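Peer 1: One structure coming up, written as structure tokens, with questions to follow.
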Amino acid sequence: MKRHKTEPRFAICVQNEGCEDLEPRKLYHVLPDDSAAEEGYLRVIDESGEDYLYPADYFILIELPQTVERAWVTA
């Protein structure tokens, strides 16, 4: 089943070189941003609680069960 672009996406941080607001091995909420993705970036809600662009290779995108995604987004 293909995911709709507005559905939540998640990623695990695998490196944070020069990015103090990211923690390796932590799960992050990724917001859709097609223009950022074309440039090799992801829009991520970081430790500050705000969304910023980070290099896509700092993350591994993962799929979560829908119940987990709903719990994460509503928490």
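Yes/no per residue for (1) loosely packed, with under 13 Cβ neighbours inside 10 Å; (2) touching a Gly at 6+ places or on another chain (Cβ under 8 Å); (3) part of a helix (DSSP H, G or I); (4) at pLDDT 90 or above:
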site: 2; (1), (2), (3), (4): yes, no, no, no
site: 12; (1), (2), (3), (4): no, no, no, yes
site: 22; (1), (2), (3), (4): no, no, no, yes
site: 37; (1), (2), (3), (4): no, no, yes, yes
site: 53; (1), (2), (3), (4): no, no, no, yes
site: 69; (1), (2), (3), (4): no, no, yes, no
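Peer 1: What are the residues in region 39-51 that are more than 21 Å from residue 69 (Cα to Cα) and surrounded by 14 or more Cβ atoms within 10 Å (Cβ to Cβ), if any?
Peer 2: The one that is more than 21 Å from residue 69 (Cα to Cα) and surrounded by 14 or more Cβ atoms within 10 Å (Cβ to Cβ): 41.
Peer 1: Can you name every residue in region 39-51 that is touching an Asp or Glu at 6+ places or on another chain (Cβ under 8 Å) and assigned to a loop (DSSP other than H, G, I, E, B)?
Peer 2: 40, 46, 47, 48
Peer 1: Quick one: residue 18 ticks every box in (1) at negative phi; (2) surrounded by fewer than 14 Cβ atoms within 10 Å (Cβ to Cβ); (3) outside any strand (DSSP E or B) bar one, so which box is it?
Peer 2: The single condition residue 18 does not satisfy is (1).
The values are calculated or read from the model by the stated rules, or taken from the named source; none is laboratory data. Because the structure is predicted, anything quoted here is derived from the model rather than measured. Backbone-built Cβ (ideal geometry, glycine too); neighbour counts: all protein chains shown.
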